[in-house]
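The values are calculated or read from the model by the stated rules, or taken from the named source; none is laboratory data. None of these values were measured; they are calculated from a predicted model. Because the Cβ atoms are built from the backbone with ideal geometry, glycine has one as well, and the counts that use them run over all protein chains shown. Just the protein is used for accessible areas: all its heavy atoms, side chains included, with ligands, DNA and RNA removed. Shrake-Rupley method; radii C 1.70, N 1.55, O 1.52, S 1.80 Å.
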Amino acid sequence: MTAYSLLDLVPIVQGGTAAQAFANAADLARHAEDLGFSRYWTAEHHGMEGIASAATAVVIGHVAQATSRIRVGAGGIMLPNHSPLQVAEQFGTLDALFPGRIDLGLGRAPGSDQRVSRAIRRGMGGNGEEFPQDVLELQGYFADDPKLGIRATPGAGADVKIWILGSSLFGAQLAAMLGLPYAFASHFAPGLMDEAADTYRRNFRPSSTLDKPHLMLGFNVFAADTDEEAEYLATSQQQAFVAIRTGKGIQLPPPVRGYRENLGAQGNAMLDQVLSASAIGGPEKVAGELAAFIARTGADELMLTSAMFDHQARRRSLEIAAQAMRAL
């Protein structure tokens with residue numbers, strides 16, 4: 001059985017608040033736990049009106065407190081924004097509070113535009129080039145490596161599962177070299193998915209952490225009781241993607257009937273590309289497209305994601321997705 005997990009960017013809907021987004025995140029994670037999802041991840045984004053997960057470690061603590069079994073973590077922490085010691089302390093704290101349940105996915109992108117990135121990294125000078133060395137330093141803090149000369153407290157000896165994230169071949173190569181699990185962001189950047197998966201599997205070196213490759217692929221699921229309703233609900237995310245690609249990030253808008261028909265050729269082509277790793281439809285269609293994606297990619301795990309304006313509709317979408325995954 002292919003494992004299935006949930007990525008939640010904690011969307012702030014138009015007319016809503018961050019407080020409501022956090023309440024929805026806790027409720028969604030409890031629901032995912034009951035539905036058999038393996039893990040709940042959120043991700044570090046900054047300067048985006050519609051995403052409430054900027055203080056990622058804090059959100060993870062909030063969700064972990066609201067659940068009891070599901071693994072909770074970051075997909076991911078953008079490591080160039082932080083010192084490895086700070087990350088070790090934060091996630092060591094989370095592991096001490098919620099032992100054996102914390103994941104730490106690491107990315108080398110800023111999670112923001114250049115202006116916001118400069119504000120975050122003031123005085124740090126990080127640009128992602130140090131990413132491999134920072135990963136090794138972070139591993140050293142968790143392993144309580146005396147050569148570092150500093151002991152992370154909390155952090156030393158923490159049971160935090162590290163993943164490498166990516167949307168290019170760089171992360172695939174690094175994850176393979178270090179013998180770590182790898183998560184590819186095919187839910188919004190599917191272009192290099194097949195090549196990255198092959199690179200990771202072909203070059204994987206077993207480690208004390210992992211004896212064989214473990215590949216997770218991002219996949220969007222917008223499910224409802226009918227194909228028509230699912231297509232309608234998916235337009236909230238589609239509007240948000242178009243807004244981001246045109247430099248105008250927005251809070252998650254309500255769905256619009258006929259949105260794709262009125263979008264125009266250029267906008268539709270962009271959405272077809274960025275959302276090509278997606279299933280939009282009723283239970284039968286979603287089950288078929290999930291099965292086809294797994295058969296084509298051989299993914300060990302899917303990280304399912306979607307943003308919907310209506311929270312109850314999103315809960316229902318998770319139910320349909322989980323039912324489809326269990327049937328496989």
For residues that are touching a Gly at 6+ places or on another chain (Cβ under 7 Å) and open to solvent by 60 Å² or more (accessible area, probe 1.4 Å), tally how many sit in the range 157-182.
1
Among what's in the range 114-135 and is polar (S, T, N, Q) and exposed (fewer than 14 other Cβ atoms within 10 Å of the Cβ), pick the residue that is modelled with the highest pLDDT.
Gln133
When you go through (1) closer than 20 Å to Arg315 by Cα; (2) in contact with a strand residue (DSSP E or B) (Cβ under 8 Å, 6 or more places away or on another chain); (3) among the acidic types (Asp, Glu) one by one for Asp34, which number turns out not to apply?
(2)
Collect the residues in the range 136-156 that are within 17 Å of Leu94 (Cβ to Cβ), in contact (Cβ under 8 Å) with a residue 40 or more places away in the chain and open to solvent by less than 70 Å² (accessible area, probe 1.4 Å), keeping them in residue-number order.
Leu138, Tyr141, Phe142, Ala152, Pro154, Gly155, Ala156
Filter result (under 24 Å from Ala307 (Cα atoms) and assigned to a strand (DSSP E or B)) within the range 161-182:
Trp163, Ile164, Leu165, Gly166, Tyr182
Would you confirm, using the coordinates I've provided, whether Asp8 is among the acidic types (Asp, Glu) and touching a strand residue (DSSP E or B) at 6+ places or on another chain (Cβ under 9 Å)?
yes
Extreme residue, nearest to Ser236 (Cα to Cα), among residues of the range 302-321 that are aliphatic (A, V, I, L, M) and in a strand (DSSP E or B):
Leu304
